[in-house]
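> This is the structure I want to talk about, given as structure tokens.
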Amino acid sequence: MTTFVDRVELHVAAGNGGHGCASVHREKFKPLGGPDGGNGGRGGDVILVVDQDVTTLLDYHHSPHRKATNGKPGEGGNRSGKDGQDLVLPVPDGTVILDKAGNVLADLVGQGTTYVAAQGGRGGLGNAALASARRKAPGFALLGVPGDLQDIVLELKTVADIALVGYPSAGKSSLISVLSAAKPKIADYPFTTLVPNLGVVTAGSTVYTIADVPGLIPGASQGKGLGLEFLRHVERCSVLVHVLDTATLESDRDPVSDLDIIEEELKQYGGLDDRPRLVVLNKIDVPDGQDLADMVRPDLEARGYRVFEVSAVAHRGLKELSFALAEMVAAARAAKPKEEATRIVIRPKAVDDSGFTVEQEEDGLFRVRGEKPERWVRQTDFNIDEAVGYLADRLNRLGVEEALMKAGAVAGDGVAIGPEDNAVVFDWEPTLMAGAEMLGRRGEDHRFEAPRPAAQRRRDKQAERDDAEREYDDFEPF
């Protein structure tokens with residue numbers, strides 16, 4: 001059964017925003033006490049967080065669909081809906097987030113590093129929040145915005161200082177088991193190691209991590225064997241250690257040719273030319289192993305490699321190797337540029353930046369693109385004329401109508417707001433008096449401007465009394 005997964009495709013969905021509420025306060029002798037509809041709650045985000053206790057992406061391999069909770073709708077009495085709960089997904093240190101096209105979205109390194117994979121939708125405003133001096137009692141509310149839907153790829157790249165590379169059964173797992181407290185699976189057949197193993201080594205005052213990468217063979221960079229699956233785990237390592245088998249039983253292999261083949265695979269994979277190398281001649285305790293090591297060592301040193309002869313079984317040469325690796329790790333760490341505190345850059349919007357664009361397409365359709373217009377369209381209930389009038393007012397204030405006229409649009413032309421796959425298309429009427437019959441100019445509401453029946457009756461009675469008093473004053477006795 002698979003217990004290690006280092007690449008998965010994850011389908012994440014943020015929560016939808018709750019709808020706003022359209023409600024009117026009512027009580028005895030006050031049938032229209034004013035709007036009191038609450039706002040909808042915000043949808044929950046989907047957040048990826050680095051957790052040191054997580055070492056594999058296995059959970060997401062079995063459950064690739066993850067969704068945050070939706071925001072609750074608003075209610076009457078000015079009660080806002082509850083926000084949706086964020087969905088926090090723990091990932092291993094060194095996880096890279098990519099989109100479906102392979103573009104890197106984020107590189108999560110370090111405990112607690114976060115990335116918002118899907119943003120929750122905004123909650124819609126209730127009619128209490130939409131009330132104004134012109135629109136005293138809105139009979140509508142805004143809809144909640146749907147949450148983001150994303151298909152992302154998670155790739156795990158092991159975070160280690162040193163990578164042990166070499167042919168299968170070269171002794172990498174044995175070496176890491178004696179240098180550190182790691183206990184990888186060790187056996188006398190190829191491809192025993194099916195997952196990268198990590199170990200922590202202490203040499204003097206230097207503490208470093210070492211990774212045992214599954215065995216490489218010719219063609220690994222093109223997907224042969226297990227190489228392509230695990231070569232990505234070498235990318236973050238500062239030092240590469242070639243573990244060469246001096247006791248191989250295969251007649252067509254020797255340490256020098258093994259080194260050349262592995263170097264060619266690393267070159268084909270790319271991006272590793274700048275890493276310092278070190279060569280370990282392993283299994284010198286085996287008969288003829290020491291003789292072969294003595295034969296190839298001068299050739300390897302002539303190429304510029306530092307060479308160490310070790311035996312993981314007999315524990316020979318391990319101390320010298322450990323301190324040499326610590327020296328190389330310390331040098332690599334010192335050469336890295338110091339991390340500076342993240343600078344906060346504020347880029348204010350330009351004064352003439354309207355936040356939207358208007359373009360005429362080949363078929364004559366005018367398309368409006370922009371964050372605000374597209375969001376406003378998604379929040380509008382097109383079954384309510386008053387809401388449509390409110391949307392038209394907002395677009396007019398933003399300058400959409402003026403931009404359409406400048407682009408050459410005339411009454412009756414088709415206008416689309418939003419992307420091609422999810423746009424609202426309508427015939428443009430710039431002077432249209434939108435809204436129900438009770439509306440005056442677009443979006444206005446005169447329901448509260450008309451006198452109430454009880455107040456009108458009182459005015460009528462008062463007028464009758466005034467008329468009676470005037471008749472009495474005009475009466476002349478005989």
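The values are calculated or read from the model by the stated rules, or taken from the named source; none is laboratory data. All figures in this text were calculated on a predicted structure; none of them were measured in a lab. Just so you know, the surface numbers come from the protein's heavy atoms only, side chains and all, with ligands and any DNA or RNA stripped out. Shrake-Rupley method; radii C 1.70, N 1.55, O 1.52, S 1.80 Å.
> Would you work out what percent of the accessible area of the stretch 1-138, with all protein chains in place, is carbon or sulfur (probe 1.4 Å)?
50 percent
> Percent of Cα-Cα pairs more than 18 Å apart in the stretch 7-76, please.
Details: 1448 of 2415 pairs.
Here the tail beyond 18 Å accounts for 60 percent of pairs.
> List the residues whose amide H sits under 5 Å from the amide H of V88, counting only those 5 or more places along or on another chain, with H placed 1.01 Å from N in the peptide plane.
Those lying under 5 Å, H to H, from V88 are I47.
> Accessible area per residue for the stretch 276-420 in Å², computed with a 1.4 Å probe and the full protein assembly in place, what is it?
Computed with neighbouring chains in place, this is 61 Å² per residue.
> What span do the alpha-carbon atoms of the stretch 34-135 cover on each of the three principal axes, reported in whole Å from largest to smallest?
Sorted largest first, the three principal extents are 57, 24, 23 Å.
> Need the full-extension length gain, E371 to E464, defined as separation in residues times 0.36 nm minus the C-alpha distance. One decimal, nm.
27.6 nm
> Sticking with this one: What does DSSP give for the stretch 41-157 in terms of the percent of beta bridges that are antiparallel, rounded to the nearest 5?
Antiparallel: roughly 70 percent of the beta bridges in the stretch 41-157.
> Leaving ligands, DNA and RNA out of it, rank M328, M405, M295 by accessible area with a 1.4 Å probe, largest first.
Heavy-atom accessible area, descending, gives M295, M405, M328.
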